[in-house]
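K.L.:
I have a structure I would like to understand better, so I am pasting it below and will then ask my questions one at a time.
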Amino acid sequence: MRDVLDELDRWWRAGEPVGMATVVATWRSAPRQAGATMLVGPDGAAVGSVSGGCVEGAVYELTRQVTATGRPALQRYGVTDDDAFAVGLTCGGLLDVYIERVDPAGFAEFAEVAASIRAGAPVAVVTCVSAGESDPAGRLGRRLVVWPDRTAGSLGTDRLDAAATDDSRGLLATGRTGTLGYGYHGQRRGDDLLLFVAAYAAPPRMIVFGAIDFAAALARIGAFLGYRVTVCDARPVFATSRRLPDAHEVVVDWPHRYLRAEAEAGRLDGRTVVCVLTHDPKFDVPVLEVALRLPLGYVGAMGSRRTHGDRVARLRAAGLSPEELGRLSSPLGLDLGARTPEETAVSIAAEVVAGRWGGTGSPLSALSGRIHHEAPAADEAAPVG
């Protein structure tokens, strides 16, 4: 990624047109994920890859044509192609590749985008990659750049820009790249326009303390929501990848020691979710003492109301202020009547999502006004340390 960014930046600053091919969608066993990019420079040099070699030659030739004409193209490659033997994917997958010309005249915001990516600041580039022959506004190739607190460029209409901004911020908040479909006037149920959202942000973290069956269910739904999930427990007999297959990592350590070390290393930020499921004061009180003094996105703890009262008394005795204690969601989760670990995980995840976007947790049918809430604060991803 950095090599592609550096080369594109160099050519863009020189004012030279560059062909850029980007994987926007994949199916089955495609070799690269959405977002994989190959450049064809003004000197004919190829940088990056869209398929690991399977279709690079065909993509290279089409990219040179697009650079010369300036007309974008969306091309599907896979074993169902008529010329599958020549350019098909031997792995049996399918991928859609969007090819465009990039230059200062057509992508004036690129310098800001590159600066954000290098600084680790979240930014999404939204591009209309398919608009159909009847598009009344000629939106194919239009771009909208989305930051947590502002936008630049336009996809053609205010309504489409507003819908795409909301939805792209949702993808950006979880570090996900993907496609969105809309009607010509920005209707979310439409499929006239296909937008590709290239999200440049590390996924947020979910750290679960306590390697119990509820943690396994929460790791599963946390990963599904786009979090990088860590489960930490001081007991090695419970903290195993076999028991927690959906966690990205399983750590054997004392919870408070692990969380403090992650904060000091700058690996936590304002999107980080911490869920304490240990049910044991010797584990949960020390880690909550650390967590509630950090500007994290969510801190919740499992337990009965009696356990909560005892826990708060211990934390207050440890010196936590009323403001710090007010950050604690305990008992964690929304009132869904959950019973099983899976249902409880849905309850916890629902509270996390509501907190991220300012939701009330009430049925939408009982509310009026906008369904989508305002974006989170611009500094939400600032490292904690």
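The values are calculated or read from the model by the stated rules, or taken from the named source; none is laboratory data. These numbers come from a predicted model, not from an experiment. Quick reminder, even Gly has a Cβ in these numbers, built from the backbone with ideal geometry, and neighbours come from all protein chains shown. Accessible surface is based on the protein model in full, side chains and every heavy atom, while ligands, DNA and RNA are left aside. Shrake-Rupley method; radii C 1.70, N 1.55, O 1.52, S 1.80 Å.
K.L.:
Can you confirm whether Gly106 is open to solvent by less than 40 Å² (accessible area, probe 1.4 Å), closer than 18 Å to Thr67 by Cβ and part of a loop (DSSP other than H, G, I, E, B)? Walk me through how you get there before you give the answer.
P.N.:
Working: open to solvent by less than 40 Å² (accessible area, probe 1.4 Å): no; closer than 18 Å to Thr67 by Cβ: yes; part of a loop (DSSP other than H, G, I, E, B): yes.
When the stated conditions are applied, Gly106 does not pass them.
K.L.:
Sticking with this structure for a sec: On the basis of being crowded, with 21+ Cβ neighbours inside 10 Å, touching a residue at least 12 places away in the same chain (Cβ under 8 Å) and either over 27 Å from Gly297 (Cα atoms) or polar (S, T, N, Q) (or both), does Leu195 make the cut?
P.N.:
yes
K.L.:
Please find, among Arg260, Arg293, the residue that is outside any helix (DSSP H, G or I), open to solvent by 30 Å² or more (accessible area, probe 1.4 Å), more than 23 Å from Ala217 (Cβ to Cβ) and modelled with pLDDT of 95 or more.
P.N.:
After applying the criteria, what remains is Arg293.
K.L.:
Another question about this same structure. Criterion first (over 15 Å from the mean Cα position of the chain (by Cα), closer than 30 Å to Met206 by Cα and not aromatic (Phe, Trp, Tyr)) does Arg142 satisfy it?
P.N.:
no
K.L.:
Would you call Leu89 under 22 Å from Thr179 (Cα atoms), open to solvent by 30 Å² or more (accessible area, probe 1.4 Å) and either modelled with pLDDT under 80 or touching a strand residue (DSSP E or B) at 6+ places or on another chain (Cβ under 7 Å) (or both)?
P.N.:
no
K.L.:
I'm trying to understand the selection: among the residues of region 146-166, which are touching a residue at least 24 places away in the same chain (Cβ under 8 Å) and assigned to a strand (DSSP E or B)?
P.N.:
Within region 146-166, Val146, Ala152, Gly153 meet the criteria.
K.L.:
Oh, and also: Going by what's in this entry, would Tyr200 be described as over 13 Å from the mean Cα position of the chain (by Cα) and either open to solvent by 30 Å² or more (accessible area, probe 1.4 Å) or over 30 Å from Cys232 (Cα atoms) (or both)? It would help to see each step written out before you state the result.
P.N.:
Numbers: over 13 Å from the mean Cα position of the chain (by Cα): no; either open to solvent by 30 Å² or more (accessible area, probe 1.4 Å) or over 30 Å from Cys232 (Cα atoms) (or both): yes.
Answer is no for this residue.
K.L.:
What residue, among those in region 351-385 that are part of a loop (DSSP other than H, G, I, E, B) and at pLDDT 85 or above, is surrounded by the most Cβ atoms within 10 Å (Cβ to Cβ)? Quick ask: steps written out before the conclusion?
P.N.:
Taking region 351-385 first, the residues part of a loop (DSSP other than H, G, I, E, B) are 358-363, 367-382, 385.
Restricting the remaining residues to those that are at pLDDT 85 or above gives 358-363.
Working: Gly358: 11, Gly359: 17, Thr360: 10, Gly361: 13, Ser362: 10, Pro363: 7.
By that ranking, first place goes to Gly359.
K.L.:
Go through the residues of region 181-192 one by one and say whether even a single one is hydroxyl-bearing (Ser, Thr, Tyr), open to solvent by 10 Å² or more (accessible area, probe 1.4 Å), in contact with an Asp or Glu (Cβ under 7 Å, 6 or more places away or on another chain) and more than 20 Å from Glu109 (Cβ to Cβ).
P.N.:
Yes, there is a match, as at least one residue in region 181-192 is hydroxyl-bearing (Ser, Thr, Tyr), open to solvent by 10 Å² or more (accessible area, probe 1.4 Å), in contact with an Asp or Glu (Cβ under 7 Å, 6 or more places away or on another chain) and more than 20 Å from Glu109 (Cβ to Cβ).
K.L.:
Follow-up. Considering only residues of region 296-317 that are part of a loop (DSSP other than H, G, I, E, B) and open to solvent by 40 Å² or more (accessible area, probe 1.4 Å), which is farthest from Ala215 (Cα to Cα)?
P.N.:
Of the residues in region 296-317, the ones part of a loop (DSSP other than H, G, I, E, B) are 296-297, 302-304.
In the following step, the residues that additionally are open to solvent by 40 Å² or more (accessible area, probe 1.4 Å) were identified as 297, 304.
Numbers: Gly297: 19, Ser304: 17 Å.
My answer is Gly297.
K.L.:
If the requirement is being at pLDDT below 95 and polar (S, T, N, Q), which of these qualifies: Thr157, Thr165? Break it down into steps so the answer makes sense when it comes.
P.N.:
Numbers: Thr165 fails: at pLDDT below 95.
It is Thr157.
K.L.:
For region 322-342, which residues satisfy the criterion of being in contact (Cβ under 8 Å) with a residue 24 or more places away in the chain, in a helix (DSSP H, G or I) and open to solvent by 60 Å² or more (accessible area, probe 1.4 Å)?
P.N.:
If the condition is that a residue be in contact (Cβ under 8 Å) with a residue 24 or more places away in the chain, in a helix (DSSP H, G or I) and open to solvent by 60 Å² or more (accessible area, probe 1.4 Å), then Glu342 is the only one that fits.
K.L.:
Give the residues of region 118-145 that are aliphatic (A, V, I, L, M), open to solvent by 30 Å² or more (accessible area, probe 1.4 Å) and touching a residue at least 40 places away in the same chain (Cβ under 8 Å), sorted by residue number.
P.N.:
Scanning region 118-145 gives Ala121, Ala137, Leu140.
K.L.:
Separate question: (1) crowded, with 24+ Cβ neighbours inside 10 Å; (2) assigned to a strand (DSSP E or B); (3) out of contact with any helix residue (DSSP H, G or I) (no Cβ under 6 Å at 6 or more places or on another chain): which one isn't true of Ala215, the others all being true?
P.N.:
(2)
K.L.:
Follow-up question, since we're still on this one. Of all residues in region 265-290, which are open to solvent by 50 Å² or more (accessible area, probe 1.4 Å) and either of a type in the set (Ser, Thr, Tyr) or modelled with pLDDT of 95 or more (or both)?
P.N.:
Listed by number, the list holds a single entry, Glu289.
K.L.:
Return the pair list, or none, for Cβ contacts closer than 9 Å from residues in region 15-33 that are within 18 Å of Phe107 (Cα to Cα) and open to solvent by 60 Å² or more (accessible area, probe 1.4 Å) to residues that are at pLDDT 80 or above and acidic (Asp, Glu), at least 6 apart or on different chains.
P.N.:
Pairs found: Glu16/Asp43; Glu16/Asp103.
K.L.:
Considering only residues that are surrounded by fewer than 17 Cβ atoms within 10 Å (Cβ to Cβ) and either over 20 Å from Val352 (Cα atoms) or modelled with pLDDT of 95 or more (or both), which ones fall in region 224-237?
P.N.:
Passing the criteria: Arg235, Pro236, Val237.
This table checks each residue for (1) more than 23 Å from the chain's Cα centre (by Cα); (2) over 24 Å from Val113 (Cα atoms).
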{"position": "Ala162", "(1), (2)": "no, no"}
{"position": "Ser168", "(1), (2)": "no, no"}
{"position": "Leu193", "(1), (2)": "no, no"}
{"position": "Phe196", "(1), (2)": "no, no"}
{"position": "Gly210", "(1), (2)": "yes, yes"}
{"position": "Ala219", "(1), (2)": "no, yes"}
{"position": "Gly222", "(1), (2)": "no, yes"}
{"position": "Thr230", "(1), (2)": "no, yes"}
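K.L.:
Now a separate question. Considering only residues that are assigned to a helix (DSSP H, G or I), touching a residue at least 40 places away in the same chain (Cβ under 8 Å) and not acidic (Asp, Glu), which ones fall in region 263-290?
P.N.:
Ala263, Phe283, Val287, Leu288
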